[in-house]
Amino acid sequence: MERLHFDDQIAKNKIKSIVLMGIIVIFFLILGYIIASIYNPAAFFSIMIISIIVSMIYIVVSYYNSDKIALSSVSAKPASLTEHRVLFHAVESMSLASGLPMPKVYVMESEQINAFASGRNPQNAVICFTTGALKKLNKQELEGVVAHEMGHIANFDIRFMTLTAVLVGMISIVAEIFLRSLWFSNNSRGRDGRAQLILIILGVLFAILAPIVAQLVSLAISRKREFTADATAVKFTRYSPGLKSALLKIKNEHISSEDKHHYAKAMAPLFISNPFTRKSISGLFSTHPPIDERIKRLDAM
């Protein structure tokens, strides 16, 4: 594999994330055009306004309380300056290296090696580590994982993924309203019956498929943001073997069914590695890229 520079990787993955976001917007516009063609533009705008209001209320509440929701869902506790001294030192070091304010530090009970960052901006960020990570990672590995999570904070990933969630939510709401409206409308507008029927069939197919595709694109964005955070971690530490070694330990770790109960499914994308599987296999429905591919890229930096 050719030599990679972390700045190039960060820039490329950010561009890819924006392109994927554009795909979601295009799906939303196509769905809107089909609905407007079947009914009328006024009907589409009414549906769009409803979807925006509902989606925005839900997301704004979640966005401004993202750190509290995340910490509460895993029963995290504030880290102790004495008991978790090594973790505090690692976070302080990465805060200085990144130029970011030091986030609040939390610890959650779990034998897994894992960590996540949350918060709407660097000034309101939190970083949380499992007790398993603190036991099993050495100083360099711990700093690598801290740098990865600080990378998410530096790249405003919570804000970016919140915007993605808004768009996906809007598509789902518009599609749901459209499908339900078909049961209460004869869709008669004086146009050719066959053309109208074709439009309705296209509308139904697109209303069913658009939310699924939008969710798949959202997962693809999540995977790109993980690659970006890995590259940002190398930028902060100037030392890729630390994060690489931590990922190797994560890959080889066995997850017990009992330990999975510590995690909420919705939290999976936030963690450095999916807490429900350690398989180095990627797919359309994966929240994270394969660990082997992440290690390969770190090797090339």
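For region 198-252, name all the residues that are outside any helix (DSSP H, G or I) and of a type outside the set (D, E, K, R).
Matches in region 198-252: Tyr239, Asn252.
Checking the condition buried (at least 22 other Cβ atoms within 10 Å of the Cβ) and at pLDDT 90 or above, which residue from Ala115, Ala70 passes?
Only one candidate qualifies: Ala115.
Given region 74-173, what strands (runs of 3 or more DSSP E) lie entirely inside it while holding 1 or more residues that are of a type in the set (Val, Ile, Thr)? Give the steps one after another, and end with the answer.
On the way: elements: 104-108, 115-118, 126-130.
Qualifying strands (runs of 3 or more DSSP E): 104-108, 126-130.
Do you know which residues across region 253-280 are over 19 Å from Lys136 (Cα atoms), among the small types (Gly, Ala, Ser) and modelled with pLDDT of 70 or more?
Passing the criteria: Ala264, Ala266, Ala268.
The values are calculated or read from the model by the stated rules, or taken from the named source; none is laboratory data. All of these numbers come straight from a predicted model, not from anything done at the bench. Glycine also receives a Cβ, built like all others from the backbone with ideal geometry; neighbour counts cover every protein chain displayed.
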